[in-house]
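Visitor: Sharing a structure, written as structure tokens. Questions coming.
Every number in this text was worked out from the coordinates using simple rules, so none of it is lab data. Since the structure is predicted, the reported quantities are computational estimates derived from the model, not experimental observations. Here the Cβ positions follow ideal geometry from the backbone for every residue, glycine too, while neighbour counts run over all protein chains shown.
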Amino acid sequence: MKSHTYYHYFNTRTKREFIRITDLVEEQIRESGVKEGFCLVSAMHITAAVYVNDDEPGLFRDIEEWLQKLAPEGPNYHHHQTGETNGDAHLKNLLMHHQVILPVTNGRLDLGPWQQIFYAEFDGKRKKRMIIKVIGE
Amino acid sequence: MKSHTYYHYFNTRTKREFIRITDLVEEQIRESGVKEGFCLVSAMHITAAVYVNDDEPGLFRDIEEWLQKLAPEGPNYHHHQTGETNGDAHLKNLLMHHQVILPVTNGRLDLGPWQQIFYAEFDGKRKKRMIIKVIGE
Amino acid sequence: MKSHTYYHYFNTRTKREFIRITDLVEEQIRESGVKEGFCLVSAMHITAAVYVNDDEPGLFRDIEEWLQKLAPEGPNYHHHQTGETNGDAHLKNLLMHHQVILPVTNGRLDLGPWQQIFYAEFDGKRKKRMIIKVIGE
């Protein structure tokens, strides 16, 4: 069994941002030498997400507006009694999830034609880390 | 390490549909010869989900009504400026997620007594693909 | 390839409860002898979740209030025609998801500084089961 671990850092200019990482993940799969296996892509913070969907700017706006509706920013979180102000970002993380597992087949990401991988930042403007880990043969 | 990859196609008669796929997944695990490992079941489209829950018709209606409430159909998605009309199906996919990872133990799906695996279509009436991939030993 | 499977039982005193399980998972990773691989932690019931987020009591209250808002308790679920009364717990499970996949690096859980693993019970006061499965080398 082969395994390969890579850490990637983000430092977004805005609080919320959607970053396409498909090529970055593909590159680490090549690096791993794994032909058949799984690739885990996981945010190492609790206010960011990793997800698979369409690379379409209108959809990014839809997703952001949707997340603001279901997990709104605002002062009324118990979590804010700790001095934090990012209660909404924790809930956005739970809604979108922090990880995906991707199939690796013939040494390539085995995704459908419209599937792209994204890192979604919900509390940015600071250094955040993400792990890409490939296991297989 | 063994690996086994299988692609399954759906072409639902209705726009939204819940399809139980537990037996299909179990069959591919047998096919793989894997005794101990993981099985990934993942939609290869961005408007369908794979999830684990109860096989109960009343619950399917509850889930559909719930998804319509939290991610409603309608004209007001930025994504629709591309000519698409399925903005809601993208959000339903994000809410339900496109994949599950299942434990394989003693050559069997290692699920609880009520856990069944489902493919949930949110934008059907056309050919859609799903991957089942098993790795282990 | 090594694999290790462990079942853990919960019997919560209250209907809903958040239980930190990071140490329990770390212990099973040590037990497995796996240095590089993946660890699956998955509820074996359809009314409980496993998730990764912050270990902060205010946030537990925020999450519970949020779940009650998005997937409220109440009599109006079709599922209740079966005699069940836990329709909301099924939807809470779908929202939070029943599983996480965790990276194992150098024989340790490879998590960020604030990432803690939780079992979230939504229909407790009875025996429930969770699986921890590690594969790797």
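Visitor: With a Förster radius of 35 Å, plug the Cβ-Cβ distance of B:N106 and C:H80 into 1/(1 + (r/R0)^6) and report the FRET value to the nearest 0.05.
Guide: Details: r = 36 Å, r/R0 = 1.03.
The value I calculate is 0.45.
Visitor: How big, on average over all directions, is the shadow cast by the Cα convex hull of the protein assembly as shown, in nm²?
Guide: Numbers: hull surface 73.1 nm².
Mean orientational projected area (the protein assembly as shown, Cα hull): 18.3 nm².
Visitor: Determine ³J(HN,Hα), in whole Hz, for all residues of the range C:74-82 in sequence, where each value follows from phi through the Karplus function 6.51 cos²θ - 1.76 cosθ + 1.60 and θ = phi - 60°; x replaces Gly and Pro.
Guide: With coefficients 6.51, -1.76 and 1.60, one gets x, x, 8, 10, 4, 4, 6, 5, 7 Hz.
Visitor: Quick one: label points 7 angstrom along Cα→Cβ at A:R30, distances to the other copies in nm, smallest first?
Guide: Listed shortest first, these distances are 4.1, 4.1 nm.
Visitor: In terms of the Cα gyration tensor, with a ≥ b ≥ c the square roots of its eigenvalues, is the range C:20-83 rounded because a/c is under 1.5, prolate because a/b exceeds b/c, or oblate? Don't skip to the answer; put the middle values down first.
Guide: Details: a/c = 4.03, a/b = 1.80, b/c = 2.24.
Note, shape of the range C:20-83 comes out oblate.
Visitor: Identify all aspartates and glutamates with a Cα-Cα distance to A:K15 below 17 Å; exclude those on the same chain that are fewer than 8 residues away in sequence.
Guide: Output for A:K15: A:D62, A:E64, A:E65, A:E73, A:E84, A:D88, A:E121, A:D123.
Visitor: With angles folded into 0 to 90 degrees, how steeply does helix B:87-96 sit against the dominant principal axis of chain B? Use alpha carbons for both and round to 10.
Guide: Helix B:87-96 sits roughly 30 degrees off the main axis of chain B.
Visitor: Sticking with this one: Tell me the distances, shortest first, between B:K2 and the same position across the other copies, using label points 7 Å along Cα→Cβ, in nm to one decimal.
Guide: Copy-to-copy label distances for B:K2: 2.2, 2.2 nm.
Visitor: While we're here: Please report, for B:K69, the nm distances (one decimal) from its label point, 7 Å out from Cα along the beta-carbon direction, to the equivalent points in the remaining copies, shortest first.
Guide: 1.4, 1.4
Visitor: Using the structure shown, list the pairs from A:K2/C:K2; A:K92/C:K92; B:K92/B:K133 with a Cα-Cα distance above 19 Å, or answer none. Spell out each step's value before the answer.
Guide: Working: A:K2/C:K2 13 Å; A:K92/C:K92 15 Å; B:K92/B:K133 24 Å.
As for pairs spanning more than 19 Å Cα to Cα, those are B:K92/B:K133.
Visitor: With +1 assigned to the C-beta of every Lys and Arg and -1 to the C-beta of every Asp and Glu, and no other charges, what is the dipole magnitude of chain C about the Cα centre in debye, to the nearest 20? Before the final figure, lay out the partial values.
Guide: On the way: 17 positive and 19 negative charges, 98 e Å.
Charge dipole of chain C: 480 debye, to the nearest 20.
Visitor: Mind checking which aspartates and glutamates have their C-alpha under 16 Å from B:K127, skipping anything on the same chain fewer than 8 residues away?
Guide: List returned: B:E17.
Visitor: Report the normalised scattering of the range B:1-107 as log10 I(q)/I(0) at q = 0.10, 0.11, 0.18 Å⁻¹, calculated by the Debye formula with identical scatterers on the alpha carbons.
Guide: Values returned for q = 0.10, 0.11, 0.18 Å⁻¹ are -0.37, -0.44, -0.97.
Visitor: Could you please state, rounded to a whole Å, how far the C-alpha centre of the range B:21-78 is from the C-alpha centre of the range B:100-121?
Guide: One Cα centre to the other: 11 Å.
Visitor: Charges on Cβ only, +1 for Lys and Arg, -1 for Asp and Glu, centred on the Cα centroid of chain C; of C:F10, C:Q28, C:N53, which one is farthest towards the dipole's positive end?
Guide: The Cα lying farthest towards the positive end belongs to C:F10.
Visitor: On to the next question. Can you work out the PRE-style zone for B:L24? Point 7 Å along Cα to Cβ, and I want the residues of the range B:101-118 with backbone N under 14 Å.
Guide: So the set is B:117-118.
Visitor: Taking θ as phi - 60°, what are the ³J(HN,Hα) couplings along the range A:102-108 by the Karplus curve (6.51, -1.76, 1.60), each to the nearest whole Hz, with x for Gly and Pro?
Guide: My calculation for the range A:102-108 gives 10, x, 10, 10, 6, x, 10 Hz in order.
Visitor: If you don't mind, another one. What is the angle, in °, between the Cα long axis of helix C:57-70 and the longest principal axis of the Cα atoms in chain C? Nearest 10 is fine, range 0 to 90.
Guide: 50
Visitor: Let me ask something additional. Evaluate the distance, in nm, between pseudo-label points positioned 7 Å from the Cα of B:R61 and of B:R13 along their respective Cα→Cβ axes.
Guide: 1.9
Visitor: Where nothing but the Cβ of Lys and Arg (+1) and of Asp and Glu (-1) is charged, how large is the charge dipole of the range A:36-109 around its Cα centre, in debye to the nearest 20?
Guide: On the way: 4 positive and 10 negative charges, 41 e Å.
The calculated dipole for the range A:36-109 is roughly 200 debye.
Visitor: Let me know the charge dipole size of the protein assembly as shown about its Cα centre in debye, to the nearest 20, where only the beta-carbon of Lys, Arg (+1) and Asp, Glu (-1) is charged.
Guide: Numbers: 51 positive and 57 negative charges, 91 e Å.
Here the protein assembly as shown has a charge dipole of around 440 debye.
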